[in-house]
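Engineer: Next up is a structure, given as structure tokens.
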Amino acid sequence: MKAIIAGISSALLVGTVAWAQTGRENPTADWALINGQIHTMDAESTVAEAIGIEDGEIIYVGDAEGLGNVIGMGTEVFNLEGNMILPGFVDGHSHPVAGGLIMLGVDLQTDDKEELFARIRKEVETNDAEVILGYGVRFNPWTDGNPTAAMLDEIESERPVYFWTIDAHGAWVNSKALEVAGIDKDTPDTAPGFSFFERDEDGNPTGWIVEIPAQMQVLSALIDPTPEFMAPGVADWMERFAAAGITAAHDHGIQGMGQDEGFEMLLEFEEAGKLPLRVVGSYYWNDGSFDPLPALMEIREKYDTELVQARYLKVNMDGGDDKWNALYVDPYTDRPDIVPEPIIPYQVVEDTVIRADAAGINVTCHCWGDQAVRYLLDAIEAAIATNPPRERRHKITHGQSVHPDDRARFAELGVIYDTTGAWMTYDPLAQTIATDRLGPERVQATFPAAQVIQAGGTFSLGSDWPASGYVSEYRPLANIEYAVTRTLDGRKDVPPLGGEDAKLTVDQALRAQTINAAYGMGLSDQIGSLEVGKKADIVVLEKNLYDIDPNDISEVEVLFTIMNGTLTYDHREE
């Protein structure tokens, strides 16, 4: 185990160690943090000065004087010098395994088409790989129609090109990629109406692919996304998560490889001491033709270690507004003739949720539109009415639109509302495509976190990394800033989405990224707040977030991250 005290100069500890050692012959605490602004995130909003830690657990929280009861000659003391201390950040919705595949290649996050094609040309000219990969293609530059294979063919026609869209639910490929995958005008759509190949008037695929099943049909023909292929990318991003202060994440679906393979990879990281965060995983279900519960029960039993647990059923109810496959109570403004169906028929979802709930299994759901949210709330309500009482942690994620009639139901049913700070802004996607689809009034009512909280609901923040609507952002401090300001960094001239009433307070956002996110993944009895008996998952920040301009939160430096009493990030080693 890497000692938290490693590298701290003796000068820093003069006075503190002498004080800490007095009167103790049999020390209990391994080490102590003193002189901090420790915001515990407990129910009383306690602010403490010191923490004692032993065997990876918190054994003391309070003022410095009280540490005398738990420290002695063997205790190492870390002087925080007034820095802010919080529970380690908990990401309520992430894809740490799938991200190792999606975030390969060239970064294409730009609004400028000329810049986009310049990046692609440079990647083609400088990369001699057999397949050209990239990620982050935004939707808002293409309001006049989606990009095509022909555009990419002009740059590269000999090698396959595969670019993920910014939301990871679409892809842009060249003709060579389609050829290698055997996709032509006679190829049936992978999941008609949900996941398909966009086609021209003659039925030929254009090079634009919608949703994961069709995407993987092409990508798996171009590369072999084995654990060995994906592990280096996953490992690289795990280090970045730790540097951002993340100590736990709720994985909402392993993609790109088999679900067993993904969990096995995480176990290997844990066994090798290279997993810097706790991962609660989900069994990803987007096909109503089979029952997911037998397979989920199997992986729940198989993957249940200290850091890796397969617990949740992830239901994919709908898609997104950009593709007209999100479910809404009211029609699309620009295409009222389109009435999409749920990815999984509602009756199948309700039956499965009831049976999962009876087995003690919590569900989480990709529910984008307000009708999708309502469907899942209805299914949970049916489960509660059918099954005996228990401690439930059902969760709805995204919830771009929540009908006013349903906002109070989160509290009434005990359902967690989880969404992403980066989505909660009036970004160029919201200003263009979302406004076309829904109209300005509905867009301004999107992501009603403040209203759900006001009605007594529990709100959780997750990054949905690597997916996003405009900018892929995994850093909790950035998502906290966006939730508080409802504006993106670098776009502060844009009015806040939903106006002033839609903004969260700093405290609400911090709780959403700590104790509430832990609650939403079934770990609030272990992490999410700094209390005696809980795990020593801690982040140390250079500034107190309560004392600064909320627009500067994303710029605050993470100094240290501690998970299970182990230092997983030290800013001095950068």
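Engineer: Based on this model, can you work out whether Ile155 counts as part of a helix (DSSP H, G or I) and not hydroxyl-bearing (Ser, Thr, Tyr)?
Structural biologist: no
Engineer: Here is a follow-up. Please go through region 216-229 and give me each residue that is surrounded by fewer than 22 Cβ atoms within 10 Å (Cβ to Cβ) and of a type outside the set (D, E, K, R), ordered by number.
Structural biologist: Result: Met216, Gln217, Ser220, Ala221, Leu222, Ile223, Pro225, Thr226, Pro227, Phe229.
Engineer: Looking at region 361-387, I want the residues that are over 20 Å from Gly253 (Cα atoms) and have a partner that is of a type in the set (S, T, N, Q) and crowded, with 21+ Cβ neighbours inside 10 Å with Cβ atoms under 9 Å, at least 6 apart or on another chain. Which pairs are those?
Structural biologist: Here the result reads Asp370/Gln400; Asp370/Ser401; Gln371/Ser401; Ala379/Thr352, each pair linking region 361-387 to a residue that is of a type in the set (S, T, N, Q) and crowded, with 21+ Cβ neighbours inside 10 Å.
Engineer: Can you tell me which of Gly62, Gly52, Gly36 is within 26 Å of Tyr546 (Cα to Cα), open to solvent by less than 40 Å² (accessible area, probe 1.4 Å) and out of contact with any Leu (no Cβ under 9 Å at 6 or more places or on another chain)?
Structural biologist: Gly62
Engineer: Name the residue that is nearest to Leu477 (Cα to Cα), counting only residues in region 403-433 that are aliphatic (A, V, I, L, M) and open to solvent by less than 10 Å² (accessible area, probe 1.4 Å).
Structural biologist: The extreme case among them is Ala422.
Engineer: Hey, another quick one. Pairs, please: C-beta under 6 Å, at least 6 apart or cross-chain, first residue free of Cβ contacts under 8 Å to residues at least 60 places away in the same chain and under 19 Å from Val329 (Cα atoms) and in region 427-446, second crowded, with 16+ Cβ neighbours inside 10 Å and polar (S, T, N, Q)?
Structural biologist: Here the result reads Val443/Thr435; Thr446/Gln400; Thr446/Ser401, each pair linking region 427-446 to a residue that is crowded, with 16+ Cβ neighbours inside 10 Å and polar (S, T, N, Q).
Engineer: Any residue that is free of Cβ contacts under 8 Å to residues at least 24 places away in the same chain and either under 22 Å from His394 (Cβ atoms) or of a type outside the set (Val, Ile, Thr) (or both) - is there at least one of those in region 238-249?
Structural biologist: Within region 238-249, not a single residue is free of Cβ contacts under 8 Å to residues at least 24 places away in the same chain and either under 22 Å from His394 (Cβ atoms) or of a type outside the set (Val, Ile, Thr) (or both).
Engineer: Okay, next question. Would you be able to say whether some residue in region 319-329 is surrounded by fewer than 20 Cβ atoms within 10 Å (Cβ to Cβ), closer than 15 Å to Gln371 by Cα and without any contact (Cβ under 8 Å) to a residue 12 or more places away in the chain?
Structural biologist: Looking for residues that are surrounded by fewer than 20 Cβ atoms within 10 Å (Cβ to Cβ), closer than 15 Å to Gln371 by Cα and without any contact (Cβ under 8 Å) to a residue 12 or more places away in the chain, one finds none in region 319-329, hence no.
Engineer: While we're here: Report whether or not Gly369 is more than 27 Å from Arg442 (Cα to Cα) and open to solvent by less than 40 Å² (accessible area, probe 1.4 Å).
Structural biologist: Criteria not met by Gly369.
Engineer: Here are Ala455, Ala467, Ala449: which of them is over 25 Å from Ala408 (Cβ atoms) and either touching a helix residue (DSSP H, G or I) at 6+ places or on another chain (Cβ under 8 Å) or assigned by the TED database to the domain that holds Pro496 (or both)?
Structural biologist: Step by step, each of Ala455, Ala467, Ala449 is checked, and only Ala467 is over 25 Å from Ala408 (Cβ atoms) and either touching a helix residue (DSSP H, G or I) at 6+ places or on another chain (Cβ under 8 Å) or assigned by the TED database to the domain that holds Pro496 (or both).
Engineer: Quick one: which of Glu156, Glu179, Glu198 is out of contact with any Lys or Arg (no Cβ under 6 Å at 6 or more places or on another chain) and open to solvent by less than 40 Å² (accessible area, probe 1.4 Å)?
Structural biologist: None of the others qualify; the one that does is Glu156.
Engineer: If Tyr546 passes every condition in (1) open to solvent by 10 Å² or more (accessible area, probe 1.4 Å); (2) assigned by the TED database to the domain that holds Tyr474; (3) part of a helix (DSSP H, G or I) but one, which one does it miss?
Structural biologist: Of the numbered conditions (1) open to solvent by 10 Å² or more (accessible area, probe 1.4 Å); (2) assigned by the TED database to the domain that holds Tyr474; (3) part of a helix (DSSP H, G or I), the odd one out for Tyr546 is (3).
Engineer: Where residues in region 265-291 are of a type in the set (Phe, Trp, Tyr) and either assigned to a loop (DSSP other than H, G, I, E, B) or open to solvent by 10 Å² or more (accessible area, probe 1.4 Å) (or both), which of them is farthest from Ala221 (Cα to Cα)?
Structural biologist: Taking the candidates together, the pick is Phe269.
Engineer: Run Ile527 past the list (1) open to solvent by 40 Å² or more (accessible area, probe 1.4 Å); (2) part of a loop (DSSP other than H, G, I, E, B); (3) not polar (S, T, N, Q) and report the number of the one that doesn't hold.
Structural biologist: If we test Ile527 against (1) open to solvent by 40 Å² or more (accessible area, probe 1.4 Å); (2) part of a loop (DSSP other than H, G, I, E, B); (3) not polar (S, T, N, Q), just (1) comes out false.
Engineer: State whether one or more residues within region 45-52 are in contact (Cβ under 8 Å) with a residue 60 or more places away in the chain, under 30 Å from Ile396 (Cβ atoms) and under 31 Å from the mean Cα position of the chain (by Cα).
Structural biologist: yes
Engineer: Which of (1) surrounded by 23 or more Cβ atoms within 10 Å (Cβ to Cβ); (2) among the polar types (S, T, N, Q); (3) more than 19 Å from Val106 (Cβ to Cβ) does Thr187 not meet, given it meets every other one?
Structural biologist: (1)
Engineer: Go through (1) surrounded by fewer than 20 Cβ atoms within 10 Å (Cβ to Cβ); (2) on the phi > 0 side of the Ramachandran plot; (3) touching a helix residue (DSSP H, G or I) at 6+ places or on another chain (Cβ under 8 Å) one by one and return the number of the condition Gly245 breaks.
Structural biologist: If we test Gly245 against (1) surrounded by fewer than 20 Cβ atoms within 10 Å (Cβ to Cβ); (2) on the phi > 0 side of the Ramachandran plot; (3) touching a helix residue (DSSP H, G or I) at 6+ places or on another chain (Cβ under 8 Å), just (1) comes out false.
Engineer: Now a separate question. Which numbered condition in (1) at pLDDT below 95; (2) farther than 26 Å from Ile396 by Cβ; (3) surrounded by 17 or more Cβ atoms within 10 Å (Cβ to Cβ); (4) not hydrophobic (A, V, I, L, M, F, W, C) is the only one that Gly207 fails?
Structural biologist: Of (1) at pLDDT below 95; (2) farther than 26 Å from Ile396 by Cβ; (3) surrounded by 17 or more Cβ atoms within 10 Å (Cβ to Cβ); (4) not hydrophobic (A, V, I, L, M, F, W, C), only one is false for Gly207: (1).
Engineer: Would you check which residues across region 159-176 are open to solvent by less than 20 Å² (accessible area, probe 1.4 Å) and under 29 Å from the mean Cα position of the chain (by Cα) and list them?
Structural biologist: Val161, Tyr162, Phe163, Trp164, Thr165, Ile166, Asp167, Ala168, Gly170, Ala171, Trp172, Val173
Engineer: When you check Gly262 against the structure, is it touching an Asp or Glu at 6+ places or on another chain (Cβ under 7 Å), closer than 26 Å to Gln217 by Cβ and crowded, with 24+ Cβ neighbours inside 10 Å, yes or no?
Structural biologist: Taking the combined requirement at face value, the residue does not satisfy it.
The values are calculated or read from the model by the stated rules, or taken from the named source; none is laboratory data. Quick caveat: nothing in here was measured; it's all calculated off a predicted structure. Note: ideal-geometry Cβ built from the backbone for every residue, glycine included; neighbour counts use all protein chains shown. Note: areas computed on protein heavy atoms with side chains; ligands, DNA, RNA excluded. Shrake-Rupley method; radii C 1.70, N 1.55, O 1.52, S 1.80 Å.
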